[in-house]
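Working notes for the structure below.
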Amino acid sequence: MKIVITGSLGNVAKPLAQQLIAEGHTITVVSSSDARKQDIESLGAVPAIGSITDVNFLTETFEGADAVFVMTPPAISPDKIVENTTNAGKNYAEALKNANVKRAVMLSSVGAESPVENGPIAGLHNIEKIYNEVDSTSFTFLRAGYFYNNFFNDIPLIQNAGIIGGNYPSTIEVPVVHPTDIAKAAAEELVKDGNKNNIRYIVSDVRTASDFAKVLGTSVNKPELPWVEFSDEDSLNGMLQAGLPEDMAHLYVEMGRGIRTGVVQKDFINHGSPVTGNVKLEDFAKEFSSQF
């Protein structure tokens with residue numbers, strides 16, 4: 001099959017490209033960086049260098065593809081994040097229609113079912129609705145858990161303050177996922193025949209916030225590392241002090257509040273809380289300790 005992967009050589013796109021190439025598929029990888037061209041070619045894929053804001057470029061890249069993996073960058077812009085993420089989805093939708101692509105897999109998120117209280121996930125909620133209007137393409141909405149990799153951002157807090165935390169309590173259970181598990185699920189979905197849209201959750205583990213503190217803390221010789229529940233205000237101020245753009249900080253606070261109230265996890269739970277990924281928290285802790 002001829003498959004196009006967006007997302008350059010990121011945490012999901014690279015292992016996805018590697019797996020599909022190993023399976024014998026012809027892969028094109030979309031990247032906005034010309035510096036990635038040689039790395040893409042070294043994998044055995046064809047580079048397509050251009051911007052996802054350019055519908056003509058996307059249409060030309062998607063022409064003749066049997067399937068496309070569509071994802072939007074996690075930090076597409078420092079402000080108007082939801083609006084700009086949504087616009088990227090509109091561009092993908094237009095290009096898929098123009099190129100008459102029959103199959104696509106969207107990297108979405110746990111929490112995308114909700115139109116409110118999900119922070120940056122709101123953009124993915126909007127995009128799912130946009131893709132549902134593309135009659136010529138069958139989509140799998142691959143709703144991923146909270147990325148393990150996000151815990152790398154907590155390393156300075158652990159090192160400097162001896163704590164880890166968020167604006168939700170230690171008893172809250174959070175679905176988490178490893179990028180390699182997402183890649184495996186995406187690879188399975190891209191080669192499927194389908195004539196209707198479907199939702200698939202991809203989650204590697206479901207653990208309490210206190211487990212995050214205990215397991216990750218133990219991996220860095222801090223077995224008593226506490227999970228601290230911050231107020232929304234303290235959480236916002238901490239992110240701003242850490243240098244996050246204001247729009248992004250507000251969205252992350254909103255997402256944490258949605259986790260606290262259960263809005264983000266609700267539809268995942270209603271789907272039976274499926275855990276199909278292989279990388280458990282204890283497995284990821286080895287990666288975490290190597291980066292600490």
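Quick notes
- Some residue of segment 179-193 being among the small types (Gly, Ala, Ser), closer than 16 Å to Phe151 by Cβ and at pLDDT 95 or above: no
- Residues (in contact (Cβ under 8 Å) with a residue 60 or more places away in the chain and open to solvent by 10 Å² or more (accessible area, probe 1.4 Å)) located in segment 84-120: Arg103, Leu107, Glu113, Ser114, Val116, Glu117, Pro120
- Residue within segment 70-88 that is farther than 18 Å from Thr53 by Cβ, touching a strand residue (DSSP E or B) at 6+ places or on another chain (Cβ under 7 Å) and assigned to a loop (DSSP other than H, G, I, E, B) present: no
- Qualifying positions in segment 174-200 - open to solvent by 20 Å² or more (accessible area, probe 1.4 Å), of a type in the set (D, E, K, R) and more than 14 Å from Phe141 (Cα to Cα): Lys184, Asp193
- Being modelled with pLDDT under 95 and over 20 Å from the mean Cα position of the chain (by Cα) is a description that does not apply to Gly162.
- Hits in segment 237-275 - residues which are closer than 23 Å to Leu216 by Cβ, in contact with a helix residue (DSSP H, G or I) (Cβ under 7 Å, 6 or more places away or on another chain) and open to solvent by 50 Å² or more (accessible area, probe 1.4 Å): Tyr252, Arg257
- Residue list for segment 122-145, restricted to those being more than 10 Å from Ala104 (Cα to Cα), in contact with a helix residue (DSSP H, G or I) (Cβ under 8 Å, 6 or more places away or on another chain) and either open to solvent by 10 Å² or more (accessible area, probe 1.4 Å) or polar (S, T, N, Q) (or both): Ala122, Leu124, Asn126, Ile130, Glu133, Ser136
- Residues within segment 20-35 that are surrounded by fewer than 18 Cβ atoms within 10 Å (Cβ to Cβ) and part of a helix (DSSP H, G or I), tallied: 4
- Identity of the residue in segment 201-222, open to solvent by less than 20 Å² (accessible area, probe 1.4 Å) and among the hydroxyl-bearing types (Ser, Thr, Tyr), that ends up farthest from Val264 (Cα to Cα): Ser204
- Annotation note: Cβ proximity below 7 Å between a residue of segment 45-74 that is among the acidic types (Asp, Glu) and a residue that is surrounded by 24 or more Cβ atoms within 10 Å (Cβ to Cβ) (sequence gap 6+ or interchain) occurs for Asp66/Ile3.
- Among the residues of segment 58-80, those that are within 15 Å of the chain's Cα centre (by Cα), of a type in the set (A, V, I, L, M) and crowded, with 23+ Cβ neighbours inside 10 Å comprise Val70, Met71.
- Of all the residues in segment 19-35, those that are without any contact (Cβ under 8 Å) to a residue 60 or more places away in the chain and either of a type in the set (Asp, Glu) or out of contact with any strand residue (DSSP E or B) (no Cβ under 8 Å at 6 or more places or on another chain) (or both) number 4.
- Unmet requirement for Ile182, which otherwise passes all of (1) under 20 Å from Pro120 (Cβ atoms); (2) among the β-branched types (Val, Ile, Thr); (3) assigned to a strand (DSSP E or B): (3)
- Residue within segment 184-194 that is farther than 27 Å from Gly10 by Cα and in contact (Cβ under 8 Å) with a residue 40 or more places away in the chain present: no
The values are calculated or read from the model by the stated rules, or taken from the named source; none is laboratory data. Since we're looking at a predicted model, the values are computed, not measured. Neighbour counts are summed over all protein chains in view; Cβ atoms, including those assigned to glycine, are modelled from backbone coordinates with ideal geometry. Side chains included, ligands, DNA and RNA excluded: accessible areas come from the protein's heavy atoms. Shrake-Rupley method; radii C 1.70, N 1.55, O 1.52, S 1.80 Å.
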